[in-house]
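I have placed the structure first, in the form of structure tokens, so that the comments after it can refer back to it.
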Amino acid sequence: MRHTAGGTGVDVLGERRDVDAEIAGLTLVDWLRQAAEEHGDRPALSRRGACEGADETEEGAEAEGITLTWAQYRRAALETAAGLAECGLLPGEVVALMLPNRPEHLVADMGAVHAGGVPLTVYATFPPEQVAYVADDCGASVAVLEGAAELERWRPALEAPSRLHTVVLLDDEAVPDGPGPGGTAFVGWSGFRRRGRDAYAADPAPVHERMSALRPEDTAALLYTSGTTGTPKGVPQTHRQVLFQATSTLRANDLPVGGSSISYLPLAHIAERVLSVYLPLRIAGHLHFCPDPARLGAYLNTVRPHALFGVPRVWEKLQSSLAAALAAAPEERRAAVDEAAETARAYLEAGQYGRSRSAALERRFAEAEAAVLAPIRSLVGLDRCTSFTTAAAPMPADTLRFFSGLGVLVRDVYGMTENCGAVALNRDGAYKFGSVGRPSEGMEAAVADDGEILVRGPVNTAGYLNRPGDTEALFDPEGWLHTGDLGRVDDDGFLYVVDRKKELIVTAGGENIAPAPVENLLKENVLIGQAMACGDGRPYPVALLTLDAETVPGWARARGIADTGPAALAENPQVRQEVQRAVDTANARLARVQQVKRWRLLPVEWTVESGELTPSLKLRRRVVQETYADAIDGLYAD
């Protein structure tokens with residue numbers, strides 16, 4: 001028996017027909033054309049760092065970082081398509097991209113689409129062996145890379161026999177002399193763009209013929225999973241899928257025409273592609289590129305976005321920096337902030353589905369919003385933001401509580417690469433804390449008897465690239481996609497994600513323990529940045545912990561601790577005493593079998609670069625377990 005998510009009386013088929021009618025017969029090239037025709041003079045893509053007084057032409061914009069309008073963006077895509085055709089790209093072939101978040105990335109991406117090709121953004125943190133695997137698996141024929149570092153990462157792919165015949169480098173100075181192994185041609189971006197510009201001006205017909213041949217069922221993009229559970233798998237996304245996803249996403253979020261947003265997460269991540277590549281096409285949005293996620297705070301103040309998405313780790317980092325700024329305010333100001341925060345939390349708590357707010361609470365919140373909360377959000381660039389969302393991992397309750405205290409409703413959504421982004425979401429008018437909401441328009445979600453979450457609908461992929469066995473295992477005979485996540489559905493049809501099916505800890509005593517809830521309780525303490533619960537096949541759970549690199553040094557200095565290096569702090573008695581208090585506090589809220597009996601504080605922070613996190617900032621449990629096997633064994637040694 002399956003437990004189905006969703007509200008009573010929802011006409012899923014009617015929703016599906018409604019969205020399908022809006023996107024019928026269309027592809028991404030139609031959406032970009034419409035945006036350019038209807039909003040050609042609006043800003044589309046912006047990159048900071050432009051030279052003051054630089055020539056604001058389209059070519060100058062790409063070179064110096066000045067804004068591209070929607071008309072210029074489309075023209076650049078068409079010319080790039082001509083350049084790709086000139087260098088031998090055939091319809092249906094893959095154009096692999098390893099570029100930072102900047103206008104050229106989207107120009108190359110949409111240029112590939114207009115040439116009838118398939119863009120693929122490869123995670124820039126993939127090791128060379130994984131890059132070679134992906135390039136071979138998808139049969140990439142053209143690669144567009146940033147510079148020398150990326151070229152070196154692609155060296156094994158270039159040295160292996162492949163279909164890769166052209167490599168375009170954004171940094172002209174990084175272009176090697178002569179052809180590469182197997183005759184691969186190297187060309188600089190400026191020369192490549194010039195060839196495309198000349199070819200399109202001389203005869204645009206070949207590009208337009210390729211555009212006209214595109215159909216909604218054709219592949220619009222190829223993505224690879226980030227490798228949480230092993231070798232990355234290729235997931236094709238059709239034009240219908242991405243248009244359907246962007247349309248349903250827009251219907252669930254009140255975003256204005258021309259609204260601003262920030263692109264800072266990897267464009268190999270499905271959520272970032274939906275929010276930065278596809279959705280702006282429908283609202284002629286203004287996308288600002290932040291090349292380094294660590295600089296997001298500075299970009300918030302400059303851009304003042306209308307929407308902000310972040311995986312939980314991003315929200316945790318923002319919380320750390322904002323909390324430090326609020327703590328530095330004068331005492332009387334902090335008292336007013338604390339009072340307003342309690343009112344905001346009560347307001348958002350009472351706004352959950354099935355509850356109601358009193359007139360008195362509505363009045364108190366309006367006063368707090370005007371006097372305290374809105375000015376605080378304005379100081380950090382969140383005054384225009386109406387859509388705050390998160391996904392990919394459970395949001396720690398402490399982080400959710402912090403932002404609720406600013407009057408910010410951070411809404412959980414749920415989805416994966418295999419379903420082109422969100423399949424369930426909380427809405428402003430229908431949300432529950434701790435849940436991932438109800439199914440998005442036209443989608444169905446259910447929980448199987450064994451607790452696995454199943455989804456069905458138009459945004460699901462048809463299967464994995466070159467993996468018929470994995471594709472067969474992904475779906476059941478009724479067309480339900482098996483997510484590998486465990487969940488439950490409440491009486492109001494809201495879906496809750498418990499954990500990954502394969503990540504459940506089964507102790508030696510046969511107890512099943514979901515690690516994520518344990519880890520989130522541990523991370524509620526300001527000192528703990530990351531946590532991983534272990535205990536599969538063992539007598540009891542233990543935990544590996546890391547310190548929060550942003551908050552711990554300040555905490556230590558305030559207590560007179562001179563050496564704030566990570567190794568020294570991990571051994572400091574005051575720090576360890578506070579960490580023990582955090583473990584005790586978490587254990588008090590856990591069932592006996594879930595409680596962490598022992599822990600180890602590591603003198604490092606887990607990162608993408610060191611391999612413990614995927615490029616989408618999810619924990620690679622197997623890597624951590626292998627790297628720290630001795631430390632885990634030591635926790636059971638006595």
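The values are calculated or read from the model by the stated rules, or taken from the named source; none is laboratory data. Since the model is a prediction, treat every value here as computed from it, not as a measurement. Reconstructed Cβ throughout: ideal geometry from the backbone, glycine too, with neighbour counts over all protein chains shown.
For this structure, a couple of remarks:
- Scanning region 154-164 turns up one or more residues that are out of contact with any helix residue (DSSP H, G or I) (no Cβ under 8 Å at 6 or more places or on another chain), in the same structural domain as C87 (by TED's automatic domain parsing) and not aliphatic (A, V, I, L, M).
- Among the residues of region 434-451, those that are assigned to a strand (DSSP E or B) and of a type outside the set (A, V, I, L, M) comprise R438, P439, E444.
For every residue, the table says whether it meets (1) in contact with a Ser or Thr (Cβ under 9 Å, 6 or more places away or on another chain); (2) charged (D, E, K, R); (3) surrounded by 15 or more Cβ atoms within 10 Å (Cβ to Cβ); (4) on the phi > 0 side of the Ramachandran plot.
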| site | (1), (2), (3), (4) |
| --- | --- |
| H306 | yes, no, yes, no |
| V314 | yes, no, yes, no |
| L318 | yes, no, yes, no |
| G351 | no, no, yes, no |
| S358 | no, no, no, no |
| E367 | yes, yes, no, no |
| L373 | yes, no, yes, no |
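- Whichever residue in region 458-477 is out of contact with any helix residue (DSSP H, G or I) (no Cβ under 9 Å at 6 or more places or on another chain) and assigned to a helix (DSSP H, G or I) and, among such residues, is nearest to T231 (Cα to Cα): D470
- Filter pass, R295 being without any contact (Cβ under 8 Å) to a residue 60 or more places away in the chain and assigned to a helix (DSSP H, G or I): yes
- Residue identified as among the hydrophobic types (A, V, I, L, M, F, W, C) and under 30 Å from G351 (Cα atoms) among A514, A473, A462, A508: A514
- Looking across region 420-433 at every residue that is at negative phi and in a loop (DSSP other than H, G, I, E, B), the one that is farthest from the chain's Cα centre (by Cα) is identified as G429.
- Region 485-500, subset under 21 Å from the mean Cα position of the chain (by Cα) and either of a type in the set (A, V, I, L, M, F, W, C) or not in a strand (DSSP E or B) (or both), residue surrounded by the most Cβ atoms within 10 Å (Cβ to Cβ): L495
- Residue count for region 320-347, restricted to those that are more than 15 Å from A371 (Cβ to Cβ) and at pLDDT 90 or above: 2
- Considering only residues in region 255-270 that are in contact with a His (Cβ under 8 Å, 6 or more places away or on another chain) and of a type in the set (G, A, S), the one that is nearest to Y224 (Cα to Cα) turns out to be S263.
- Answer from V579, V596 - the residue that is in a loop (DSSP other than H, G, I, E, B) and closer than 16 Å to L521 by Cβ: V596
- Cβ separations smaller than 6 Å between residues 6+ apart or across chains give the following pairs from region 345-369 residues that are without any contact (Cβ under 8 Å) to a residue 60 or more places away in the chain to residues that are outside any helix (DSSP H, G or I) and surrounded by fewer than 17 Cβ atoms within 10 Å (Cβ to Cβ): A350/R357.
- There is at least one residue in region 381-401 that is among the acidic types (D, E) and in a loop (DSSP other than H, G, I, E, B).
- So A549, is it within 31 Å of the chain's Cα centre (by Cα), at pLDDT below 90, under 25 Å from D630 (Cβ atoms) and not in a strand (DSSP E or B): yes
- Here L90 meets the list (1) under 17 Å from L465 (Cβ atoms); (2) at pLDDT 95 or above almost entirely, failing just condition (1).
- Only listed residue being at pLDDT 90 or above, touching a Cys at 6+ places or on another chain (Cβ under 6 Å) and more than 30 Å from G415 (Cα to Cα), chosen from I632, I561: I632
- Lone qualifier among D476, D470, D449 - being touching a Phe, Trp or Tyr at 6+ places or on another chain (Cβ under 7 Å) and loosely packed, with under 14 Cβ neighbours inside 10 Å: D470
- Condition check for A327: more than 30 Å from Y496 (Cβ to Cβ), out of contact with any Phe, Trp or Tyr (no Cβ under 7 Å at 6 or more places or on another chain) and either surrounded by fewer than 13 Cβ atoms within 10 Å (Cβ to Cβ) or in the same structural domain as A558 (by TED's automatic domain parsing) (or both): yes
- Against the test of being touching a helix residue (DSSP H, G or I) at 6+ places or on another chain (Cβ under 9 Å) and part of a loop (DSSP other than H, G, I, E, B), the options L281, L318, L267 yield a single qualifying residue, L267.
- Within region 560-576, tally of residues that are touching a helix residue (DSSP H, G or I) at 6+ places or on another chain (Cβ under 6 Å) and either part of a helix (DSSP H, G or I) or basic (K, R) (or both): 2
- Considering region 501-511, the residues that are exposed (fewer than 15 other Cβ atoms within 10 Å of the Cβ) and not in a loop (DSSP other than H, G, I, E, B) include one that is modelled with the lowest pLDDT, namely K502.
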